[in-house]
1. Would you pick out the residues in segment 310-329 that are open to solvent by 50 Å² or more (accessible area, probe 1.4 Å) and part of a helix (DSSP H, G or I)?
2. What is the number of the single condition among (1) part of a loop (DSSP other than H, G, I, E, B); (2) surrounded by fewer than 23 Cβ atoms within 10 Å (Cβ to Cβ) that Ala112 does not meet?
3. Counting only residues that are polar (S, T, N, Q) and at pLDDT 75 or above, which one in segment 7-39 is least open to solvent (accessible area, probe 1.4 Å)?
4. Cβ contacts < 6 Å: first residue touching a residue at least 60 places away in the same chain (Cβ under 8 Å), restricted to segment 293-314; second residue open to solvent by 40 Å² or more (accessible area, probe 1.4 Å) and not in a loop (DSSP other than H, G, I, E, B), any location; separation 6+ or different chain. Result?
5. Of all residues in segment 48-65 being open to solvent by 10 Å² or more (accessible area, probe 1.4 Å) and among the hydrophobic types (A, V, I, L, M, F, W, C), which is nearest to Ser27 (Cα to Cα)?
6. Mind listing whichever residues of segment 68-78 are farther than 30 Å from Arg25 by Cβ and touching a residue at least 24 places away in the same chain (Cβ under 8 Å)?
7. Residues that are open to solvent by less than 20 Å² (accessible area, probe 1.4 Å) and not aromatic (Phe, Trp, Tyr), at least 3 per element: which strands (runs of 3 or more DSSP E) completely within segment 336-422 meet that?
Amino acid sequence: MKFFLLLSALGLCWAQYSPNTQQGRTSMVHLFEWRWVDIAQECERYLAPNGFGGVQISPPNENIVVNNPSRPLWERYQPISYKTCTRSGNEDEFRNIVTRCNNVGVRIYVHAVINHMCGEGGGARTSSTCGSYFNAGNREFPAVPYSAWDFNDGKCKTSSGGIESYNDAYQVIDLGGEAITSSEYFGNGRVAEFKYGAKLGTVIRRWNGEKMAYLKNWGEGWGFMPSDRALVFVDNHDNQRGHGAGGSSILTFWDARLYKMAVGFMLAHPYGFTRVMSSYRWQRNFVNGQDVNDWIGPPNNNGVIKEVTINPDTTCGNDWVCEHRWRQIRIMVIFRNVVDGQPFQNWWDNGSNQVAFGRGNKGFLVFNNDDWSLSTTLQTGLPGGTYCDVISGDKINGDCTGIKVYVSSDGKAQISISNSAEDPFIAIHADSKL
């Protein structure tokens, strides 16, 4: 079933224990490759007012500068130190977003890369985002400091010692070709805590290491955060491939429609702590059958990331896609907050691509991804009354600019959704009752 296949492809994010967002905020957005100054503004002008709980950021520590291909997205995952300066901004700008976003109840989730350094192909140079010297082939990273004594060589069990097939999970997990730390500096967190955690001190989202115990104290002794806000999310950068990380090609009408439904389903379902993507735009370019834009970096002018501009209709410009600002996704983030804690119930499907489910007595959704219209009576679980479908319109001054859904005293409603609708799904919740 094409609808559910896409849902599987999008994936669902989850955290260990509490995601530590402000009470009543249940989702975060990955502002992929955004500048720190733009993130600070977005927290205040859009994310906080619309109920987002956090922002996942791209790695903030110093990395190599790659010019061939020109500034690809993967250079952010080739660290050479724990200094806080990247193409997204410097340390002062980073401190600024931590303060400003937390002040409006939006947490910063650091996409941390701290248990390996750049690959051997990085060479020996000072071409890095802070200008620090490194010699990747000799395992020399004096800005940390790391030397050859601090690494596990030969970790990848291949003839070359590097990754020979990215289809082999064991080779990818072993990170062949990248220097993997075994230093006491790394093991007991001395360098990472002092030069990374103390400076950034918010929530750590991605870390591939095994020893995580000491992370709970990051930042506490340095005045940046109390320990009850320290949290570890474990993720793998390679898991993000195909999940929208790193950009978005130009979507057709049907692609965008299906994408919005899939994200809507994810945000309505009670499983996990959800993350939505905010990406950038490019036209795919194929050379000899190969997609040469697969790792393209963010919109830039000569390597300098472009400002995220906001259009009069609240969408983004300057080649930024900003899916989190799409009306349907924004509305479903709010929906998730409204139904937080409510049980999953009243599932219905037609055996094909029409599905519906409720969240206790607070919310109900119906999706139609079939090639024919949907018209049926469904149990919503909601109290009787008239509700505004928040996908097609807004509740304004007690009225609805979109479709009105009439729920009878027994919780049932007649639902009709055309297969040709721009957004063939309906969502109603307690706060959309007229």
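The values are calculated or read from the model by the stated rules, or taken from the named source; none is laboratory data. Source: prediction; values computed, not measured. Don't worry about glycine lacking a Cβ; one is built from the backbone with ideal geometry, like all the others, and counts go over all protein chains shown. Accessible surface is based on the protein model in full, side chains and every heavy atom, while ligands, DNA and RNA are left aside. Shrake-Rupley method; radii C 1.70, N 1.55, O 1.52, S 1.80 Å.
1. Arg327 - this is the single residue of segment 310-329 that is open to solvent by 50 Å² or more (accessible area, probe 1.4 Å) and part of a helix (DSSP H, G or I).
2. (2)
3. Only one residue fits best here, namely Ser27.
4. Trp295/Trp74
5. Among those that are open to solvent by 10 Å² or more (accessible area, probe 1.4 Å) and among the hydrophobic types (A, V, I, L, M, F, W, C), it is Ala48.
6. Pro69, Ser70, Arg71, Pro72, Trp74, Glu75, Gln78
7. The strands (runs of 3 or more DSSP E) meeting that bar are 354-359, 363-368, 412-417.
Every residue, every condition in (1) in a loop (DSSP other than H, G, I, E, B); (2) modelled with pLDDT of 75 or more, yes or no:
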site: Gly121; (1), (2): no, yes
site: Cys130; (1), (2): yes, yes
site: Val144; (1), (2): yes, yes
site: Ser159; (1), (2): yes, yes
site: Ala179; (1), (2): no, no
site: Phe186; (1), (2): no, no
site: Gly197; (1), (2): no, no
